1. Using a Förster radius of 25 Å, what is the FRET efficiency between residue 101 and residue 8 based on their Cβ-Cβ separation? Nearest 0.05, please.
2. Round to a whole number: what % of the accessible area of region 53-131 belongs to carbon and sulfur, probe 1.4 Å?
3. Can you give me the convex hull volume of the Cα atoms of region 61-121, divided per residue and expressed in Å³?
4. If I model a spin label at residue 151 and residue 122 as a point 7 Å from the Cα along the Cα→Cβ vector, what separation in nanometres do I get?
5. For region 1-36, state which GluC sites (Glu not before Pro) are in a DSSP loop and have at most 16 other beta carbons lying within 10 Å of their beta carbon.
6. Given points 7 Å out from each Cα along the Cα-Cβ axis, report the residue 22 to residue 90 separation in nanometres with one decimal.
7. Give me the Å³ per residue figure for the convex hull around the C-alpha atoms of region 1-88.
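The values are calculated or read from the model by the stated rules, or taken from the named source; none is laboratory data. Remember, it's a predicted structure, so these values are computed and weren't measured experimentally. In this analysis, Cβ positions are derived from the backbone assuming ideal geometry, glycine residues included, and neighbour counts consider all displayed protein chains. To get the accessible areas, we keep the full protein, side chains included, count just its heavy atoms, and leave off ligands, DNA and RNA. Shrake-Rupley method; radii C 1.70, N 1.55, O 1.52, S 1.80 Å.
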Amino acid sequence: AEFMTPEYLDKGPQQSADVLAAHRELAPNIPIWVGEIAACWHSGQRGWTDRFGDAFWYVDALAARAALNHTGFLRQTLVGGYYGLLDRATFTPTADLYAAVLFKRLMGIHVLMAQVGSTDSDAGLLRAWAHCTPKSPTQAGAGGSVSVVLINLSGERRWSVKLKLSGHSHGTGRS
């Protein structure tokens, strides 16, 4: 799906450069939140945002915005459209709801620099995000461990991953 290409996933953070510049200049002490973005606008996309695969897009979007110091990521609806956190017919939780809960519990407010260090032409197909794990689900801050999200955008490629930890970025966002 177009939603799961590096080019598509990178558009949102790239387009937010003007907003971030204005924020730094005009209101640096005000938290930044994001609302409907990409595939979620206009009630979602039937056949995509109402499917399991959307959870990978959602986690990538949460992590990318947290790395840009966004402190909130708003969903317009709990139930309804094609991207509710509960299925609109059965009210069962969707994969996006589980993704949101896991992200909140595992990806703390301290964003770390995560990079795919490969010269391979397919390197853009592996997305990497890392945060200090919160002390507990109710406590913000570093808990002494690191949570990592890896998203393989290739349906054919396997990756061998080595983690190297060294410091953290300036991002302290939370989605």
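1. The calculated FRET efficiency here is 0.50.
2. Carbon plus sulfur share of accessible area: 60 percent.
3. Convex hull of Cα atoms, per residue: 128 Å³.
4. The two pseudo-label positions are separated by 1.9 nm.
5. 36
6. Rounded to a tenth, the inter-label distance reads 4.2 nm.
7. So the per-residue Cα hull volume is 91 Å³.
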